[in-house]
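Report on the structure given below.
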Amino acid sequence: MRLFILALPVTLAACVASQPMVSDYNGHMVKVVSHPYALGDKYKQSPIYTVAKETCGKEAVYQGVRQINEYQGEHVFLCR
């Protein structure tokens with residue numbers, strides 16, 4: 001029973017979706033780590049775009065995604 005109680009928080013933590021996080025910013029380009037799937041034409045509806053736009057402080061234009069591992073991708077935006 002004690003093992004079940006210890007394992008429950010770890011199991012539940014794996015179910016929580018991670019928030020998009022800025023991995024690199026140089027003033028002209030921002031990289032945001034999240035899922036490894038391309039955002040497509042409607043990228044402005046994504047929370048990844050919201051993080052990129054807040055980081056740029058102005059318009060962010062989606063360029064693509066680079067897969068980091070099986071579960072993460074680095075989305076690249078140009079700041080305009």
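Of all residues in the stretch 34-74, which are in contact with a helix residue (DSSP H, G or I) (Cβ under 8 Å, 6 or more places away or on another chain) and either among the aliphatic types (A, V, I, L, M) or without any contact (Cβ under 8 Å) to a residue 12 or more places away in the chain (or both)? Break it down stepwise before answering.
Let us first name the residues in the stretch 34-74 that are in contact with a helix residue (DSSP H, G or I) (Cβ under 8 Å, 6 or more places away or on another chain), namely 34, 39, 43, 49, 59-60, 62.
39, 60, listed by residue number.
Of everything in the stretch 13-26, what is at pLDDT 95 or above and more than 10 Å from the chain's Cα centre (by Cα)? Give them in sequence order.
If the condition is that a residue be at pLDDT 95 or above and more than 10 Å from the chain's Cα centre (by Cα), then 24, 25, 26 are the ones that fit.
The values are calculated or read from the model by the stated rules, or taken from the named source; none is laboratory data. Bear in mind the structure is a predicted one, so any value in this text is a computation, not a measurement. Glycine gets a Cβ as well: all are built from the backbone with ideal geometry, and neighbour counts include every protein chain shown.
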